[in-house]
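Notes to accompany the following structure.
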Amino acid sequence: MTRLGVCYYPEHWDRSVWRDDAKRMADLGLSLVRLGEFAWSLIEPGPGQMAWDWLDESIGILADENLEIMLGTPTATPPKWLIDKHDDILAWDRDGRVRGFGSRRHYCFSSETYQSHSQRITDAMANRYGAHPAVTMWQTDNEFGCHDTVRSYSPMAAKAFRAWLETKYTDVHALNIAWGNIFWSQTYQAFDQIELPNLTTTEANPTHWLDFYRFSSDQVVRFHRQQADIIRQHAPLSKITHNAMGHFFDFDHFEFGRHVDVLTWDSYPLGFLSQSRSSDAHKHAYLRQGDPDFAGFHHDLYRSCAPAFAVIEQQPGPVNWAPDNPAPLPGMVGTWLMETLAHGGEFASVFRWRQAPFAQEQNHAGMLRPDDQPAAAFCEVAELKSILPQLTDAKAPASVALLFDYESLWMSEIQPQGTGWNYQDIAESWYRAVRRLGLDIDIVAPGAPLTDYQLVLVPSLFHVSDEASAAFEATDAQLLFGPRSGSKDVNGNIPPDLGPDKLRPLIPLTVARSESVPAFETPKVTGPTGTGAWHAWRDDVVTELAPILSDEHGRAVLFHHERTQMFAALPDDNLINSVVETLAEKLSLKSGSLPDGLRLRRGCGHRFAFNYSTKEQTIPTGLAPADGLYKAGNATLAPGSFAMWVDQ
């Protein structure tokens, strides 16, 4: 059942308003309330001094209005008394400085002291509320990794990293071979000689960095599992979640998602557009709506990471943390919420109920103003109340898959080999090429089954595992690979037979040399299967295949063999758009190019259209409902609005 929710902090408000807050939430059509994730100092004001009365009362009041509760463990904000007792809790930054108390996320995942206290407070909360009938979901911590906190460079992290390496390699000689430590006389005689890779004179060994990234990701998963295991003991019927973030890839959500029931994420389209690398023209066009594919990309990514996904924090208005913080276009909050549900979200929740008039987030909007009057988001949520009962749990299979790989992103961060290579931007460009055709898409992990798809896009897969190779071989789908695919082995080194390594049975070529070029170098590409340019990266390829696309200087850009195509250069947006469109037409998938800012999605037994443009948009002929009947909106969409009709 799809539903709407809100994030609530009763501890910020006088108890006299709690009951009225709960009634207004229920009357608005909300059914889920999230609380507790920052309340450690109130729950335990001193060592062992537990104060549950306020939380008991607030949960009881919400339950009286039949509101379900997501209760958060408060470990994102360890209290001052705990830090004063144990300074080994604090993380260290990349420059070797301690990151102190005074904000949030001031802890190191590798601190055994903090792991112990986190488990202790989690056990206390789960023991008290695990059987409460209104507490149906638990959130561990809050936004793991926010503020650059996945990778700690503390003495505790160094100790844990050495233990992780010893478990992985067993023999330090094996580590020396995997890392190529013969280079620059980096050979180690024992694991306890290995330091963290952050304070070297020049660049550290890339495999040293890669293993540190892997270790740090594993530490996040381990920390979460410590809490999740405790919660499951006390609340076996409750669902467990954690709130991931947008444009954040410092830990592997595919691995993390194996340990939650629902992977939620925090959707702030305007904030992320403001701090993105997008052009000023793009930012201007979508200033108050957000990039048309920002939310969709993350919905489709996180949906594939776990049994279910949802949005737990939806931007309600101006935020406080971006370079600039505009207000959403009227209607956009409701449109964002509905898009979450259309992509299969279990629920969509607004952050927050009432804007705080104090502290760091006082300029962050809520559903209510600080004076208790409704803000714009309140009214837009109210308009959705009558629509929710029409939605079903029906799933809509996608015909296109995009493969996203965290380790390829990490490898390219460690050794980008050029200023123009950004894995995130490349993946989103390929994703956008599909969405602009009105097609649904799944984002999947390397090695995921691909047999249900007609078209599989692989923007770049640096290391091709045996599992990924087998998945490519097992599907009959058309495959499109980007450059640098198969360019590395599992250790991030060049494979013995060069790239594309395990992909060679699919497309017989060898990458003999690669170059990166500056932003002003954008050779034009024109041909029957695509038009545009390449940028940033190009491979010199040895093969008997004739290229199906070349640039204006006669250099190969795209090769084709049977059902596989592979780029020898990085396509710009225009080129990937045209190549994907050609493939979609070949597979009879394309239903029509959408106007700028218009996006479609199937889900919940319906089809949806979302207008991210500042202009009125009309759903193209052939995409609108054949019977002309709409459950919400109509064929002409106002800026920031959506339409919904029964999927036929």
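The values are calculated or read from the model by the stated rules, or taken from the named source; none is laboratory data. Note that the structure is predicted; figures quoted are calculated from it, not measured. With ideal geometry, Cβ positions are generated from the backbone for all residues, glycine too; neighbour counts draw on all protein chains shown.
Every test in (1) within 23 Å of the chain's Cα centre (by Cα); (2) crowded, with 24+ Cβ neighbours inside 10 Å is passed by MET367 save one, and that test is (1). Look at LEU450 and say whether it is touching a residue at least 40 places away in the same chain (Cβ under 8 Å), of a type in the set (A, V, I, L, M) and assigned by TED's automatic domain parsing to the domain that holds ASP540. Criteria met by LEU450.
Of the residues making up segment 392-434, those that are modelled with pLDDT under 95 and in contact with a Gly (Cβ under 9 Å, 6 or more places away or on another chain) are THR392, ASP393, ALA394, LYS395, ALA396. Would segment 162-174 turn up any residue that is part of a loop (DSSP other than H, G, I, E, B) and either modelled with pLDDT of 95 or more or not aromatic (Phe, Trp, Tyr) (or both)? Within segment 162-174 (the criterion being part of a loop (DSSP other than H, G, I, E, B) and either modelled with pLDDT of 95 or more or not aromatic (Phe, Trp, Tyr) (or both)), the answer is yes, since at least one residue qualifies. Checked against the criterion of being within 25 Å of the chain's Cα centre (by Cα) and more than 18 Å from VAL260 (Cα to Cα), segment 137-146 contains one or more residues that satisfy it. Starting from residues that are out of contact with any Gly (no Cβ under 8 Å at 6 or more places or on another chain) and either not assigned by TED's automatic domain parsing to the domain that holds MET137 or not polar (S, T, N, Q) (or both), keep the ones in segment 263-277 and report whichever is nearest to GLU313 (Cα to Cα). Applying the filter and picking the extreme gives GLY271.
From the list PHE358, PHE378, which residue is loosely packed, with under 13 Cβ neighbours inside 10 Å and either not charged (D, E, K, R) or not in a strand (DSSP E or B) (or both)?
PHE358
Exactly one residue out of TRP336, TRP353 is closer than 13 Å to VAL311 by Cβ and surrounded by 24 or more Cβ atoms within 10 Å (Cβ to Cβ), and it is TRP336.
Among the residues of segment 417-460, just one is of a type in the set (Lys, Arg) and farther than 16 Å from LEU301 by Cβ, namely ARG436. The residues listed here are ASP218, ASP229; of these, the one that is of a type outside the set (A, V, I, L, M, F, W, C), out of contact with any strand residue (DSSP E or B) (no Cβ under 7 Å at 6 or more places or on another chain), part of a helix (DSSP H, G or I) and closer than 21 Å to ALA126 by Cβ is ASP229. Selection of segment 119-143 for residues being polar (S, T, N, Q) and within 15 Å of LEU71 (Cα to Cα) yields THR122, ASN127, THR136, GLN139, THR140, ASN142. When segment 7-38 is filtered for residues that are within 20 Å of THR140 (Cβ to Cβ) and either in contact with a His (Cβ under 7 Å, 6 or more places away or on another chain) or buried (at least 22 other Cβ atoms within 10 Å of the Cβ) (or both), the ones remaining, listed by number, are CYS7, TYR8, LEU32, VAL33, ARG34, LEU35, GLY36, GLU37.
Restricting attention to segment 444-472, the residues that are farther than 18 Å from LEU583 by Cα and among the β-branched types (Val, Ile, Thr) add up to 2. Residues that are over 22 Å from GLY5 (Cβ atoms), of a type in the set (S, T, N, Q) and crowded, with 18+ Cβ neighbours inside 10 Å within segment 123-168 comprise THR149, SER152, SER154, listed in sequence order.
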